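Structure, as structure tokens:
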């Protein structure tokens, strides 16, 4: 049953009051099924028209109630699911998409406490678009803002692994891939601007502190990234301590030693650092129970290369 009042803005988008516009029409059709960018169409509507359209479909929308209840939700889709439980909504077919998309648009306009999952998902994709345009600085700027939203949510809900976060995040995205891409792009930018190594360290430390029960390959990857960033900043002692701690936890992780040695092999070309890289590679052959001949050959090749330089 529609809850649209006579004095509400007409849902057709005319800007007139409902009683002065479409009140006598038996049925209103707002959506064009031929249009592909449906969300963009909704964003073009003013707030009052969106609210009136929700009311036309049977949702007794109240701005104060909407903003007060935002702490209970992270996803516009989950919010709209609750509307379907609470109200008799008359939207059918493609029109049903309007309900959750309208919730998303109103979320952005009426609240500023946090981004909904749909908005975060869109921002992550916007970051990938920046990478495709060869604009990694813009990509990392967007993604670090997204990470701040995730960080706040993780702290509030007490998640201990990235898998737990991915389970509650309303998206088809694998967050492990995104986290790795963020870390790697911060590293690559750090090679040109060392400030990005500082940002990489901050991100890695927050991830490790907040999500210590994530899968081993993620802990290894983020930990070695943090240690590498310290070495690239010239804080070699601190970086070495980080690598030693990591390899104490994962003593047979051959590639941990390779990553560690590579930092010195490619750091500045000095004989001292080449010698240190050789020492670390040899340490891997000594300490690791290496099962794969390929890893042994990689280490031997690394040792041979640095010895000949």
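Points worth noting:
- Rounded if a/c under 1.5, otherwise prolate or oblate - the range 18-110, Cα gyration tensor axes: prolate
- On Cα atoms only, tilt of 136-157 relative to the major axis of the chain in degrees: 80
- Principal-axis analysis of the Cα atoms of the chain puts helix 117-132 at an angle of about 50° to the longest axis.
- Separation of the residue 301 and residue 7 label points, Cα + 7 Å toward Cβ, nm: 7.9
- Computed FRET value (nearest 0.05) for residue 184 with residue 244, which takes r as the C-beta separation and R₀ as 22 Å: 0.45
- Angle in degrees between helix 76-86 and the longest Cα principal axis of the chain, rounded to the nearest 10: 40
- Gap separating the Cα centres of the range 247-309 and the range 140-203, nearest whole Å: 28
- Length-normalised contact order of the chain in % [C-alpha pairs under 8 Å, at least 6 apart]: 9
- Of the labelled figures (i) 32, 56, 11, 1; (ii) 27, 41, 22, 9, 1; (iii) 30, 54, 15, 1, only one reflects P(r) over Cα pairs in 20 Å bins from 0, in percent as derived from the coordinates, namely (ii).
- In terms of packing, defined here as the mean over residues of other Cβ atoms within 10 angstrom, the peptides 225-234, 195-204, 90-99, 117-126 line up highest first as 225-234, 195-204, 117-126, 90-99.
- Ordering 182-188, 78-84, 276-282 by mean Cβ neighbour count within 10 Å, with the highest value first, yields 276-282, 182-188, 78-84.
FYI, it's all coordinate maths here, none of it is from the lab. It should be emphasised that the depicted structure is a prediction, and the values quoted were computed from it without experimental measurement. Don't worry about glycine lacking a Cβ; one is built from the backbone with ideal geometry, like all the others, and counts go over all protein chains shown.
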